[in-house]
Every structure is written in structure tokens, then in C-alpha cells.
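> Here it is: the structure, laid out below.
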Amino acid sequence: STMLPPVLRKAPALVSPAWLAANRGPSVKVVDASWYLPAMGRDARQEFEACRIPGAVFFDVDATDVASPLPHMLPSDAFFARTMSELGIVHDDHVVCYDGKGLFSAARFWWMLRAYGHPAASVLDGGLPAWQRAGHATESGPRAPVARASPPFEARLDASLVADLAKVRSLVDAFQSGAAPAQTVVDARSQARFEGVAKEARAGCRSGHAPGSRSVPFDRVLQADGTMRPPEQVAAVFAEAGVPGVDAPLVGSCGSGVTAAVLALALEHAGRASLLEIYDGSWAEYGGDESQPLATGPAPPA
């Protein structure tokens, strides 16, 4: 009988550049998971070739085998496992995710690793900018091919961590009927988008929010330099938004499922026991569906 690999200990949500510089090794895999909105005018893969943390590999947030009109829906277990194996990641590796913005899309990859059953994942706090500010070396040029992982990576998505439209609609219906919804939606988009005063960039997408949801713009949990706020400040941001505690039953939503993961990371950093469930279709799906109830203006007082 083959021995099953031990279940990994959960790694800290965040690691510092100093920690990463001191703990480089064969079982610490560094992954650039940069991804940018079209309006940012940046090319993540080109930037990876131009400047990266030495030894890093590149993860494409948009890559999926799920045919959907919605952006980067979660791939099948087999697709995610194959992608990890191609990046040379094995079961007992500690994966450190980073991005070129500071703390943005790396959180989505971190959340994916956790959701597909790889607890040994952390985000580099402040990303590549923080690594460079600390004076650590970078490398450039095409990345040498990576040896395929052996044994292959195994992935099994925990479906309880993924909300769909029907789930979110049931929460909206409960809220609108005056019942207490089983969970509260926390929306990571900007307050202007939440309130419906800013247009959505996505064609055919309405402005506003799902009735009953709470506005927690993802940048509120970050400091000016792009690093995460201390745990007690993160908890205060959620409390101010009307969320009754970091362990409250919540569903994270945003524009397309990326910045909701920043909230997931922030909540874990603030002591939340379970990984935040995320509505993968997010506003791209809900806002694009005329049949779904819509609210505008600020969220009512908690």
C-alpha cells in the first residue's frame, strides 16, 4: 500500500519579503500571478519576462478549460492540477504567490490553491514592489523551462467555497422578504460602483449591487504602499461596513472574482477560521443579468 502524502499544515496567509529572502529553497515555490484590468494598460507576462523574483514561474489567472462568457471561471480539477504540475509544484511545496501591483491578483491564485486543496499557500505582502523596495534581487529574460512535477499535483475543488448565481439570488430573496439571510454578500468593488454612480466597464453590465450586500472595497484593507493592514484594522474595516465579525457567514463578490479574494486573504489575516466562499461569476454575471434584483445607493445601516 502506498503511503498517502501528509496533509499539509496551513501556511500563513501573508509572508514578508524578508521571510521569503531568508526561506528560499527547493520546497518553496514562488509564483507570479499578476493579472491586470484592461484599463491598467499592463501586460503581465511581458512584465514577468522583464523583471521577476529569481526562480519564479508565471501563473495565468485567465487560463481555464471552462467555456463561459464570464471571465476566468474556475477550471476543472484536472486542468488546475495539470497547470500546477507544469509549473513544477508538488504536494508538499509551500507556494508563495505575488503580483506586480502589490496585493491584487496574487490573492486569487492563493484562494484557488486553498480551494483546490493546497493549504500551504501564502501571498507575498506588498508583492514585487515591496520585494524591490526591500532591495532584493530580481531576474529578467525568458524563463528556463521547469521540470514537470513528480508525483503529479492533485486537485479537488471544495464546492462549498464556491457560490453560484442561484445561491446569491436565494440570499437576495431572503433579504427582500425580511428574513435573515443565511449569509451576507461582501462586495469588493469600489463604493461608486456599488452605489451605482460609476459605470461598469463590462458591456451590458448594470450599475449597482445585489440587495442586502455590504460594501467593502478591497483597497480599504490595504495600506498606501500596497501591503495588508494589521489584523485589528482589517476587522474594523469589515465592522464599519456592517459585517458582524470576521467569522460571520459571508460570500465574497466583486467584478469577476479577483478582488473578492483580497477580502478572503484579509479575513484570514484577521483571524477568520474558514476560507471565504466566493461568488465566482461575481458582478460580471449578476450585473449582466437583467432579471436579477438591483439596488443602488449606499447599503442601509447595519
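The values are calculated or read from the model by the stated rules, or taken from the named source; none is laboratory data. Note that the structure is predicted; figures quoted are calculated from it, not measured. Note that we place each Cβ from the backbone using ideal geometry, even for glycine, and neighbour counts take in every protein chain shown. Remember, those area values only see protein heavy atoms, side chains included, never the ligands or the DNA or RNA. Shrake-Rupley method; radii C 1.70, N 1.55, O 1.52, S 1.80 Å.
> Restricting attention to segment 22-39, report how many residues are modelled with pLDDT of 90 or more and exposed (fewer than 15 other Cβ atoms within 10 Å of the Cβ).
6
> Quick one: count up the residues across segment 217-244 that are over 21 Å from TYR98 (Cα atoms) and in a loop (DSSP other than H, G, I, E, B).
Count: 4.
> Which one of the conditions (1) open to solvent by 60 Å² or more (accessible area, probe 1.4 Å); (2) farther than 22 Å from GLY135 by Cα; (3) of a type outside the set (S, T, N, Q); (4) free of Cβ contacts under 8 Å to residues at least 24 places away in the same chain does ASP62 fail to meet, given that it meets all the rest?
If we test ASP62 against (1) open to solvent by 60 Å² or more (accessible area, probe 1.4 Å); (2) farther than 22 Å from GLY135 by Cα; (3) of a type outside the set (S, T, N, Q); (4) free of Cβ contacts under 8 Å to residues at least 24 places away in the same chain, just (4) comes out false.
> Please indicate, with yes or no, whether at least one residue in segment 168-175 is of a type in the set (Gly, Ala, Ser), over 24 Å from ALA39 (Cβ atoms) and loosely packed, with under 14 Cβ neighbours inside 10 Å.
No: segment 168-175 contains no residue that is of a type in the set (Gly, Ala, Ser), over 24 Å from ALA39 (Cβ atoms) and loosely packed, with under 14 Cβ neighbours inside 10 Å.
> Kindly indicate which of LEU124, LEU157, LEU161 is closer than 20 Å to ASP219 by Cα and modelled with pLDDT of 95 or more.
The unique qualifying residue is LEU124.
> Now for a different question. Given (1) touching a Ser or Thr at 6+ places or on another chain (Cβ under 8 Å); (2) open to solvent by less than 10 Å² (accessible area, probe 1.4 Å), where does SER256 come up short, assuming only one miss?
Here SER256 clears every test but (2).
> Right, here's the next one. Among the residues of segment 49-64, are any touching an Asp or Glu at 6+ places or on another chain (Cβ under 6 Å), within 22 Å of ARG220 (Cα to Cα), modelled with pLDDT of 95 or more and in a loop (DSSP other than H, G, I, E, B)?
no
> Could you say whether any residue in segment 135-149 is open to solvent by less than 20 Å² (accessible area, probe 1.4 Å) and under 21 Å from the mean Cα position of the chain (by Cα)?
Within segment 135-149 (the criterion being open to solvent by less than 20 Å² (accessible area, probe 1.4 Å) and under 21 Å from the mean Cα position of the chain (by Cα)), the answer is no, since none of the residues qualifies.
> A follow-up question, please. Quick one: would you say SER215 is in contact with a Pro (Cβ under 9 Å, 6 or more places away or on another chain), in contact (Cβ under 8 Å) with a residue 12 or more places away in the chain and open to solvent by less than 40 Å² (accessible area, probe 1.4 Å)?
Yes, satisfied.
> To continue, here is another question. Does at least one position in segment 245-254 carry a residue that is out of contact with any Lys or Arg (no Cβ under 6 Å at 6 or more places or on another chain), in a helix (DSSP H, G or I), in contact (Cβ under 8 Å) with a residue 40 or more places away in the chain and within 24 Å of LEU37 (Cβ to Cβ)?
Among the residues of segment 245-254, not one is out of contact with any Lys or Arg (no Cβ under 6 Å at 6 or more places or on another chain), in a helix (DSSP H, G or I), in contact (Cβ under 8 Å) with a residue 40 or more places away in the chain and within 24 Å of LEU37 (Cβ to Cβ), which makes the answer no.
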